[in-house]
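Worksheet: one structure, shown below.
Each value in this text was obtained by applying a stated rule to the coordinates, not by laboratory testing. Predicted, not measured: the structure shown is a model, and the values here were computed from it. Counting neighbours? That spans all protein chains shown, and the Cβs are built from the backbone with ideal geometry, glycine included.
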Amino acid sequence: MDISLPPDVRERGIMNFARVWTHAVVAASRPGATAGSFPDALRNLSGSLVDTLLSQPFAASPADEVGAALADLTHGAEDALAATIEVCGRGLPAAFGLRPDADCLGRIAVVQGALARGFTQAARERICAEQDSIYRAAHKADHDRLRILFSSSTVGIVVANGEGRILDTNVAFRDMVGREYPWQVLGRPLSDFVDPGDAERVGRSLASQRRAGPGGLPVRGGELRLVDAAGSIIQAELTTSCQFENDRCTLQLSMILDVTDRHRLQEELRYRSRHDPLTGLPNRTVLEERAAELMRAGPQRRLGLCVIDLDGFRAVNESLGHTIGDQLLVAVAERLRRLLRAGQELVQIGGDEFVILLADTAGIEDVIAVARLVLAALTEAVRVGEHALPVGASLGLVERAAAEGDVADLLCAADITLYQAKESSRGKWMEFDAAHHDRRVRGHRLSMMLPAAVREDQFVVEFQPIVDLQGWPGAGQAEMVGAEALVRWRNPGVGWLTPDEFIALAEGTGQIVPLGRRVLQLACEQAARWQRLRPDRVPYVSVNLTVRQAREPGLVDQVRQILGDTGLPPELLQLELTESALLGPAGESTQALIDLAAMGVRIAIDDFGTGYSNLAYLPRLPVDTLKLAGPFVERLDAEQQDGGGSRVGALVDSMVALAKGQQLKVTAEGVETAMQAEWLRRAGCDSAQGYLFDRPLRDDQIIHRLCAPEPGAGRGMAQVSLRG
Ligand code: C2E
Ligand code: CA
Ligand code: CA
């Protein structure tokens with residue numbers, strides 16, 4: 001519920017609600033129980049009530065204080081509480097023009113609960129205070145005052161002797177137990193008026209208090225059931241304490257509060273908090289309890305959920321109004337209810353979401369069977385008034401053994417499955433796919449960790465050498481002309497993560513921007529070191545950019561600044577972008593790219609061959625290099641082995657030729673075999689990277705690699721192999 005009331009609506013609502021409330025409480029109370037200032041007081045409390053109801057985030061606790069204030073105003077009369085609870089249910093939405101939907105009614109139930117709690121607490125404190133005054137009066141032998149307190153109290157008062165026999169009671173007590181005359185109660189123990197189920201326990205507790213001596217504490221708020229003369233049960237709360245003379249109990253004073261109304265009320269509130277107000281179906285709370293019960297019954301027990309989400313319900317609500325929408329829901333609930341077999345339970349977990357819980361399933365087939373019935377039951381349109389409303393539903397199905405996770409897991413799985421079903425096609429169902437789910441959960445967890453990881457600099461960059469292919473195979477290692485920067489995440493909780501596991505997440509959350517900046521900085525710092533170490537060989541560094549990075553407004557400034565800070569000449573930086581990152585929405589090249597190219601930074605098209613691979617736009621782009629995608633190179637090998645001669649081979653040949661025709665350099669990626677390398681070299685590729693030459697290397701390894709003997713030189717020298 002997301003409502004802020006305009007001030008005039010709030011004011012008018014408070015006036016109206018306070019009027020109805022006052023009326024209800026006065027009607028329910030004994031004459032004279034409320035004072036003249038009562039309406040004003042309720043007006044103030046009405047304001048707090050509505051603010052509590054609409055609080056964001058929702059917190060009901062201020063209603064506790066409203067309850068306490070009401071108890072003070074009404075001297076703890078339970079009738080006033082009952083009337084208040086009643087008025088809140090109907091009156092709050094009406095007075096403030098709120099739609100009484102499930103969310104609103106749910107909140108009201110919680111507010112009512114808090115109200116009742118605050119009221120009860122305050123009423124109990126009143127009794128204790130009352131009891132204290134009675135004691136003081138008794139102690140001071142202030143008999144007049146004692147009489148007044150005794151007879152005016154709405155609380156039942158019982159005075160017993162040292163043996164627990166009743167010496168005196170007030171009218172309130174005798175009313176409670178339906179005995180008109182004192183002689184009907186005098187001389188008997190209090191437990192005579194207690195329900196047999198509680199009598200022994202109460203008798204024992206009273207006796208032990210009398211024996212405990214002056215050090216004993218009063219017993220407050222014990223619950224018990226009284227029986228009146230007609231045999232009806234009265235729920236009551238008992239507070240007792242004793243007076244002692246010379247360590248012997250001379251008087252035992254019991255105060256008994258009739259809490260029957262409150263009990264009924266609490267039962268009702270409990271019911272309401274566990275059932276949908278519209279359909280009366282049990283709600284999510286009940287589902288969680290039932291599922292937990294089933295799971296506790298044994299790890300081998302199986303259970304299933306069929307989650308049902310009505311398609312297009314919102315549209316019905318919006319076009320035909322909530323009354324029709326409500327009737328539709330009631331009708332659907334009834335159809336679903338009729339499908340249930342033994343061991344199955346229907347619950348409603350949201351406005352238009354239902355769940356059938358299946359106990360002791362044998363496998364997913366059982367849930368699928370229910371799913372079929374549900375879809376069949378919903379094929380026929382629902383008649384509401386003059387409308388025949390078609391209902392569609394998406395279903396999510398889960399079935400598993402109790403041991404496979406807790407209730408939260410199960411419900412989460414069901415939600416996800418439903419979501420997938422909705423995403424894929426409507427009116428169908430989707431079984432829970434654990435692997436898919438695990439990926440999502442892991443992805444979600446990782447993306448939550450990303451901001452801190454960026455702040456704490458948990459990222460490391462490795463470099464995969466890009467080697468000169470035309471000079472290959474030489475005598476030594478192929479000559480390294482550049483290196484691609486590849487980021488890795490050292491996650492303290494999870495361990496090392498490869499970019500495939502987090503770049504897309506970072507792209508989705510925007511964290512790619514600070515992360516990319518860090519990678520660019522680390523890469524340029526390294527490349528500047530290489531330049532200082534080997535000015536004669538000077539490899540460039542090639543850094544990947546995602547779509548979001550490429551569109552980031554500050555990109556050009558960022559690159560310029562990092563180049564300035566690290567002292568790396570722009571020609572030694574290459575940026576790799578896929579076709580989608582390279583092109584603007586209309587297939588044009590972006591201004592940022594033009595600016596970067598103008599600065600002297602090299603631009604490469606990454607993964608060429610996997611996107612549109614439209615060579616026609618190449619002349620219009622400021623691109624220097626084309627990186628032939630790994631999968632292409634891989635197929636090259638497979639095809640050669642098939643002896644198929646070469647559809648892919650021919651394609652590679654012509655792509656390289658076309659690129660060369662446009663003065664582009666070509667780098668082949670993912671080169672793993674000499675056969676691939678040989679084909680690519682003959683096709684005219686300038687450079688290559690792949691496991692055949694080097695794996696991605698740490699920065700210290702790359703420096704070793706750089707300082708290794710040049711091709712052809714150093715025959716007979718010990719060579720450091722840094723592969724792997
Ligand atoms: P990519 O740009 O296509 O990078 C090449 C990927 O192929 C790297 O995987 C590399 O380790 C791997 N590779 C290299 N040689 C071979 C080979 O011979 N065989 C096979 N099968 N694979 C090889 P990596 O490091 O896991 O990176 C995956 C992708 O993540 C990269 O694909 C790139 O798109 C992205 N990425 C990596 N680092 C960054 C970064 O710093 N920023 C951005 N935006 N993306 C990055
Ligand atoms: Ca790349
Ligand atoms: Ca690539």
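The stretch 551-571 and the stretch 261-287 have Cα centres spaced 63 Å apart. The relative contact order of the chain comes to 7 percent, based on Cα pairs under 8 Å that sit 6 or more residues apart.
The Cα center of the stretch 667-700 and the Cα center of the stretch 120-187 differ in position by 98 Å.
Give me the extension gain from Arg537 to Asp103: residue separation times 0.36 nm, minus the current Cα-Cα distance, reported in nm with one decimal. Provide the component values of the computation, followed by the final result.
Values: separation 434, 0.36 × 434 = 156.24 nm, distance 6.94 nm.
Result for the pair: 149.3 nm of gain on full extension.
Grab the Cα-Cα distance for Ala403 and Arg90, subtract it from 0.36 nm times how many residues apart they are, and report the gain in nm with one decimal.
Details: separation 313, 0.36 × 313 = 112.68 nm, distance 4.45 nm.
That works out to 108.2 nm of additional length.
What is the stretch 153-263's relative contact order, in percent, from Cα pairs under 8 angstrom and six or more apart in sequence? Before the final figure, lay out the partial values.
Values: 226 pairs, mean separation 32.3, N = 111.
With pairs under 8 Å counted, the relative contact order is 29 percent.
For the chain, take the convex hull of the Cα atoms, compute a quarter of its surface area, and give me that in nm², please.
Numbers: hull surface 200.8 nm².
Reported value for the Cα convex hull: 50.2 nm².
With the cut-off at 1.5 for a/c, could you classify the stretch 476-623 from its C-alpha gyration tensor as rounded, prolate or oblate? It is rounded, given that a/c, with a ≥ b ≥ c, falls under 1.5.
Using a Förster radius of 35 Å, what is the FRET efficiency between Tyr271 and Asn44 based on their Cβ-Cβ separation? Nearest 0.05, please. Could the numbers behind the result be given before it?
On the way: r = 31 Å, r/R0 = 0.87.
Efficiency, rounded to the nearest 0.05: 0.70.
Bridges between two residues of the chain, per DSSP, are antiparallel at a rate of about 75%.
Going from the fewest other Cβ atoms within 10 Å to the most, the residues Tyr181, Tyr617 appear in the order Tyr181, Tyr617.
Would you please state the base-10 log of I(q)/I(0) at q = 0.14 1/Å for the stretch 358-408, with intensities from the Debye formula using one equal scatterer on every alpha carbon? Taken in order of the listed q values, log10 I(q)/I(0) reads -0.52. Report note on the peptides 535-541, 187-193, 604-610: ranked by the mean count of other C-beta atoms within 10 Å, highest first, their order is 604-610, 187-193, 535-541.
When the Cα atoms of the stretch 7-122 are aligned to their principal axes, the ranges along those axes come out at 37, 29, 19 Å in descending order.
With a cut-off of 8 Å between alpha carbons and a minimum separation of six or more residues, what is the relative contact order of the stretch 279-432 in percent? Write down the numbers at each step before the final one.
Working: 279 pairs, mean separation 49.2, N = 154.
Relative contact order for the stretch 279-432 comes out at 32 percent.
The calculated FRET efficiency for Trp183 paired with Thr250, based on their beta-carbon distance and R0 = 22 Å, is about 0.45.
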